[in-house]
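S.K.: Here it is: the structure, laid out below.
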Amino acid sequence: MSSNLIDHLFRHHSGKMVSVLTRIFGLKHLDIIEDAVQDTFIKASISWRNQQPEHPEAWLTQAAKNRVLDIFRKLKTEQKHLPNINQGTDAIAINDLFLDSEIEDAQLRMIFTACHPSLDPRDRISFALKTVSGFSIKEIASALLTKEETVKKRLSRARKTIKQADIKFKIPQGKSLAYRLESVMEVLYLIFNEGFHSNKKEILIRQELCTEALRLSQMLLKKELTRTPETYALCALMCFHAARIDSKTNADNELLDLKHQDRSKWHFPLLQLGNSMMYKAVETEEFSCYHYEAAIAAEHLKARTFEDTDWKKILHWYQCLHALQPMPSHLLTIAVICLQTKDYKLAKSYLAKLKPEDFEQRSYLYYGALADLYAAMSNTKEALKYINLALDFVTNDLEKAFLEKKKQNLQSKN
């Protein structure tokens, strides 16, 4: 029995299991539920070594439910806090909660619980990544560009707030829905980004995270109350980026930049789905950051070749995006676009507004952009200086190999 299957199941089903079990046992027992789900996967990894069950997900769900009951029995709290789920109508009602439609409902409840206004905004994102999508603390730190100790504190604080505020496990109604939906979309965006550009050392793309984020965003579109122009734009953005995943690396598992990607590998059905989402997203006069990012991604996809790219239009959309949501990463990308239009003076002025600390774990992107600038200006000495700095800070093996190849090209010109 391979550990890959266990990892796959954990990534795809732990969030579902935590959500459904929370609906059954309540938010006050979330710590026990998360421990139970973790224990269940450890148990699976041991008991499936010789023979895998016919229905792995059903096995895991039942095992997690049993594990929670075992723990509650030890705490002698079963009669006070739990329904009698072993027999009669309660058993039927509980089993109904494991239907696909009810699992989706439970996950939506969990997402909106994580984004409750009583929680600190930074805590909401960490908590949702942990409970909804089964991120490890290390992965959350990577996705949020922060330290693991900080994430631990945020998760602890979120659980404490949920108990103290007696937050209910439900989807909000009325005016509070729009506010929380904004936070929900931010979380899904981060999940997708960690999949599309992973900080894991040995893996560049974690397709299962992209798929999970896309699935959850489509789940939002199934509910009338959460079906908005912004959610359509977010879903379109994910489709556009996901369509390019197969072209990001070559047959030798080497990272390819946009210029060298095989555009025939772009997944047409996802492009079509993204376009249909985008048509619905623009049935409004107000555009969100997701609208602008999707418009940028669409411009890249429209170009038949890299040379056909409309950089002026992409620069315009990025400037609109930065005006709406000022971020160092947007300025960095604008500088890179200026390199494409050969406006090196403007590129340098944008880079001068930035510093490596702005990017924390991804500071190598800043150094890499400076290397590209000086290479374009034929200043090989400075280009090599910054490519070496980028290599010092990059953690992903594929990206390191990509930068090494750039360094070799620079050295051959020196």
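S.K.: Out of R159, R263, report the one residue that is touching a Leu at 6+ places or on another chain (Cβ under 7 Å), surrounded by 14 or more Cβ atoms within 10 Å (Cβ to Cβ), at pLDDT 90 or above and farther than 23 Å from V282 by Cβ. Give the steps one after another, and end with the answer.
M.R.: Working: R263 fails: touching a Leu at 6+ places or on another chain (Cβ under 7 Å).
From the options R159, R263, the qualifying one is R159.
S.K.: Within the stretch 346-379, track down each residue that is at positive phi and of a type in the set (S, T, N, Q).
M.R.: Taking the stretch 346-379 as the starting set, the residues that turn out to be at positive phi are 360, 378.
Answer for the stretch 346-379, where residues must be at positive phi and of a type in the set (S, T, N, Q): just S378.
S.K.: Looking at the stretch 370-387, I want the residues that are free of Cβ contacts under 8 Å to residues at least 60 places away in the same chain and have a partner that is acidic (D, E) and in a helix (DSSP H, G or I) with Cβ atoms under 7 Å, at least 6 apart or on another chain. Which pairs are those?
M.R.: Hits for this filter: Y374/E382.
S.K.: What's the number of the condition Q361 fails, among (1) in contact (Cβ under 8 Å) with a residue 12 or more places away in the chain; (2) within 29 Å of S264 (Cβ to Cβ); (3) open to solvent by 40 Å² or more (accessible area, probe 1.4 Å)?
M.R.: (2)
S.K.: May I ask you to verify whether K138 is at pLDDT below 85, in a helix (DSSP H, G or I) and not assigned by the TED database to the domain that holds H12? Break it down into steps so the answer makes sense when it comes.
M.R.: On the way: at pLDDT below 85: yes; in a helix (DSSP H, G or I): yes; not assigned by the TED database to the domain that holds H12: yes.
Yes.
S.K.: Still on this structure, I have one more. For the stretch 210-225, check the following and say yes or no: at least one residue is more than 21 Å from V132 (Cα to Cα) and crowded, with 17+ Cβ neighbours inside 10 Å.
M.R.: No; the residues of the stretch 210-225 include none that is more than 21 Å from V132 (Cα to Cα) and crowded, with 17+ Cβ neighbours inside 10 Å.
S.K.: May I pose another question? If a residue must be modelled with pLDDT of 90 or more and within 21 Å of I337 (Cα to Cα), how many such residues does the stretch 234-260 contain?
M.R.: Total satisfying the criteria: 4.
S.K.: If you don't mind, there's one more thing I want to ask. Name the residue, out of L339, L354, L391, that is outside any helix (DSSP H, G or I) and surrounded by 13 or more Cβ atoms within 10 Å (Cβ to Cβ). Step through it out loud before you land on a result.
M.R.: On the way: L339 fails: outside any helix (DSSP H, G or I); L391 fails: outside any helix (DSSP H, G or I).
The unique qualifying residue is L354.
Every residue, every condition in (1) touching a Lys or Arg at 6+ places or on another chain (Cβ under 9 Å); (2) in a loop (DSSP other than H, G, I, E, B); (3) in the same structural domain as P269 (by the TED database); (4) in contact (Cβ under 8 Å) with a residue 40 or more places away in the chain, yes or no:
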{"residue": "T150", "(1), (2), (3), (4)": "yes, no, no, no"}
{"residue": "A158", "(1), (2), (3), (4)": "yes, no, no, yes"}
{"residue": "I162", "(1), (2), (3), (4)": "yes, no, no, yes"}
{"residue": "L190", "(1), (2), (3), (4)": "no, no, no, yes"}
{"residue": "N193", "(1), (2), (3), (4)": "no, no, no, yes"}
{"residue": "M219", "(1), (2), (3), (4)": "no, no, no, yes"}
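S.K.: Among the residues of the stretch 367-377, are any of a type outside the set (K, R), open to solvent by 50 Å² or more (accessible area, probe 1.4 Å) and not in a helix (DSSP H, G or I)?
M.R.: Just the residues of the stretch 367-377 that are of a type outside the set (K, R), to begin with: 367-377.
Filter once more, keeping what is open to solvent by 50 Å² or more (accessible area, probe 1.4 Å): 372, 377.
Adding the requirement that they be not in a helix (DSSP H, G or I) leaves 377.
Yes, the stretch 367-377 contains a residue that is of a type outside the set (K, R), open to solvent by 50 Å² or more (accessible area, probe 1.4 Å) and not in a helix (DSSP H, G or I).
S.K.: Return yes or no: is A236 buried (at least 18 other Cβ atoms within 10 Å of the Cβ) and closer than 22 Å to E307 by Cα?
M.R.: Values: buried (at least 18 other Cβ atoms within 10 Å of the Cβ): yes; closer than 22 Å to E307 by Cα: no.
Against the criterion (buried (at least 18 other Cβ atoms within 10 Å of the Cβ) and closer than 22 Å to E307 by Cα), A236 does not qualify.
S.K.: Go through the stretch 305-352 residue by residue and tally those that are basic (K, R) and outside the structural domain of K259 (by the TED database). Give the derivation first.
M.R.: First, pick out the residues of the stretch 305-352 that are basic (K, R): 312-313, 342, 345, 348.
Still in the list and also outside the structural domain of K259 (by the TED database): 342, 345, 348.
Final tally of qualifying residues: 3.
S.K.: I would also like to ask the following. Within the stretch 238-246, is even one residue in a loop (DSSP other than H, G, I, E, B), of a type in the set (A, V, I, L, M) and touching a residue at least 40 places away in the same chain (Cβ under 8 Å)?
M.R.: Within the stretch 238-246, the subset in a loop (DSSP other than H, G, I, E, B) is 243-244.
The next check asks that each one be of a type in the set (A, V, I, L, M); those that pass are 243.
Of the ones still in play, those that are also touching a residue at least 40 places away in the same chain (Cβ under 8 Å) are 243.
So far as the stretch 238-246 goes, yes, one or more of its residues are in a loop (DSSP other than H, G, I, E, B), of a type in the set (A, V, I, L, M) and touching a residue at least 40 places away in the same chain (Cβ under 8 Å).
S.K.: Among (1) more than 20 Å from the chain's Cα centre (by Cα); (2) free of Cβ contacts under 8 Å to residues at least 12 places away in the same chain, where does L258 come up short?
M.R.: The single condition L258 does not satisfy is (2).
S.K.: Separate question: In the stretch 267-317, what residues are farther than 15 Å from L234 by Cβ, part of a helix (DSSP H, G or I) and free of Cβ contacts under 8 Å to residues at least 12 places away in the same chain?
M.R.: Those that are farther than 15 Å from L234 by Cβ, part of a helix (DSSP H, G or I) and free of Cβ contacts under 8 Å to residues at least 12 places away in the same chain: P269, Q272, K302, E307, D308, H316.
The values are calculated or read from the model by the stated rules, or taken from the named source; none is laboratory data. Since this is a predicted model, take the numbers as computed values, not measurements. Every residue, glycine as well, gets a Cβ built from its backbone with ideal geometry; the counts of neighbours run over all protein chains shown. When the accessible area is computed, the model is the full protein with side chains, heavy atoms only, and any ligands, DNA or RNA have been set aside. Shrake-Rupley method; radii C 1.70, N 1.55, O 1.52, S 1.80 Å.
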